[in-house]
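Quick notes on the structure that follows.
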Amino acid sequence: MSIRDVYIVDAVRTPIGKFGGALAPVRPDDLAAHVVRALVDRSPALDPARVDDVYFGDANGAGEDNRDVARMAALLAGLPVTVPGVTVNRLCGSGLEAVIQAARAIALGDASVAIAGGVESMSRAPWVLQKPERAFPAGHQQLHSTTLGWRMTNPRMPAAWTVSLGEGAELIADRHGLTRERQDAFALASHRKAAEAWAKGLYDDEVVPYPGADLTRDESIRDNTSTEALARLKPSFRTEGGTVTAGNSSPLNDGAAALLLVDEEGLRETGREPLARIRASAVTGIEPQLFGLGPVEAVRRALEKAGRSFADLRTFELNEAFAAQALGCLAEWPDLDPEIVNPRGGAVAIGHPLGASGARLAGAVAHQLAAAGSGTGLAALCIGVGQGLALVLER
């Protein structure tokens, strides 16, 4: 059986909203439907009935994104009822996992045209209540927030594995000697690059604002932040000697992203020039508390599969869950030029709506390669509970 080439024809995303911000009133299934509809509308030559499947990443799934948000998005977007949908969950890597699974289906001939993306509304993530062990309990019951992190943890899990995400970032800072000053400088650079990219119109080709929401730019970008402002913030996770703060961490966010993937036949039907071609991917595991270093080995394996090296990369979108996490990964890739990493800003500034981020990164790499005209690009994320995911694209 021959393996088919897989092309990214287009990629869109919403502006990323702040927790409780401009997109908080919007249901996650509506956010997902919006980017699906926008993607289809941007390829008018393609019959929507030709979409073989819709893959969507979603890290929460406990609220309005329940019951297979990918299928709900397809229906709400007005796609024919014959177009199916599947929701995947690899936590922070869910959106990229959706892209990889869609690409795999096309490469194997199971599909010719697919939509892949991700969505998260951290603002609307519900509280959940466990069922009591026995009927009619007399005492109080605990509500758990599903916004982020561990909850209802299995007591068999070792305590070292179930530290908070922020404490995991502190452990990486310890391991690599990453000072508060270095983390704050990284965060400041992320905000400045993102603000400059927006000012130059570099996001105009991929961002599709949600109708009725007063948001045309990523809401978490702080244009006027400074070294002094970041230095005034208190550590968020360690009271003694902590270096990780709200300012050098990604915020809580809402948003959605989607990509149109096709084979050669699908490419002809769209009548469009592809942004990029999918070359290789890899997923790896690591100790859960060191989740932030998950991309280190995944990136190496993906590049090896693609027959490429760090020297071949034109651009690299690395999710910035925390400045310490991103800097820790960069420290373990001495052959990588840090200047090509997140050239238009990263998640510390843009935001990290969990299920959508991987799709946002893949779309960003595809658009950057298209703008350059040629080259190799890479998208990668760390993943809670200790995983890393990477995707290599070429043009």
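The values are calculated or read from the model by the stated rules, or taken from the named source; none is laboratory data. In this text, all values refer to a predicted model and were calculated from it rather than measured experimentally. Every residue, glycine among them, receives a Cβ derived from its backbone with ideal geometry; neighbour counts consider all protein chains shown. Just the protein is used for accessible areas: all its heavy atoms, side chains included, with ligands, DNA and RNA removed. Shrake-Rupley method; radii C 1.70, N 1.55, O 1.52, S 1.80 Å.
In region 127-156, which residues are open to solvent by 50 Å² or more (accessible area, probe 1.4 Å) and either among the acidic types (Asp, Glu) or touching a Pro at 6+ places or on another chain (Cβ under 8 Å) (or both)?
Within region 127-156, Glu133, Gln141 meet the criteria.
Condition (residue is open to solvent by 80 Å² or more (accessible area, probe 1.4 Å), farther than 20 Å from Leu23 by Cα and either hydrophobic (A, V, I, L, M, F, W, C) or in contact with an Asp or Glu (Cβ under 9 Å, 6 or more places away or on another chain) (or both)) applied to region 206-226: is it met by at least one residue?
no
For region 340-354, which residues satisfy the criterion of being closer than 16 Å to Thr315 by Cα, in contact with a Phe, Trp or Tyr (Cβ under 8 Å, 6 or more places away or on another chain) and either without any contact (Cβ under 8 Å) to a residue 60 or more places away in the chain or surrounded by 24 or more Cβ atoms within 10 Å (Cβ to Cβ) (or both)?
Passing the criteria: Ile340, Val341, Asn342.
Scan Ala49, Ala22 and give me the residue that is assigned to a helix (DSSP H, G or I), open to solvent by 20 Å² or more (accessible area, probe 1.4 Å) and more than 16 Å from Thr147 (Cβ to Cβ).
Just one listed residue meets the conditions, Ala49.
Arg360 versus (1) part of a helix (DSSP H, G or I); (2) within 20 Å of Gly255 (Cβ to Cβ); (3) more than 13 Å from the chain's Cα centre (by Cα): which is the lone unmet condition?
(3)
Any chance region 117-126 includes a residue that's out of contact with any Leu (no Cβ under 7 Å at 6 or more places or on another chain) and either closer than 30 Å to Glu264 by Cβ or crowded, with 24+ Cβ neighbours inside 10 Å (or both)?
Yes, region 117-126 contains at least one residue that is out of contact with any Leu (no Cβ under 7 Å at 6 or more places or on another chain) and either closer than 30 Å to Glu264 by Cβ or crowded, with 24+ Cβ neighbours inside 10 Å (or both).
Of all residues in region 80-99, count the ones that are open to solvent by 10 Å² or more (accessible area, probe 1.4 Å) and in contact with a strand residue (DSSP E or B) (Cβ under 9 Å, 6 or more places away or on another chain).
10
Quick check: is even one residue across region 375-393 touching a strand residue (DSSP E or B) at 6+ places or on another chain (Cβ under 8 Å), open to solvent by 30 Å² or more (accessible area, probe 1.4 Å) and modelled with pLDDT of 95 or more?
yes
Run Trp198 past the list (1) within 15 Å of Arg13 (Cβ to Cβ); (2) assigned to a helix (DSSP H, G or I); (3) open to solvent by 50 Å² or more (accessible area, probe 1.4 Å) and report the number of the one that doesn't hold.
(3)
Kindly state which helices (runs of 4 or more DSSP H) lie completely within region 243-339 and contain at least 3 residues that are open to solvent by 60 Å² or more (accessible area, probe 1.4 Å).
Answer list for region 243-339: 264-270, 295-306.
With respect to Pro15, is the statement that it is open to solvent by 50 Å² or more (accessible area, probe 1.4 Å), modelled with pLDDT of 95 or more and either hydroxyl-bearing (Ser, Thr, Tyr) or more than 18 Å from Gly85 (Cα to Cα) (or both) true?
The answer is no for Pro15.
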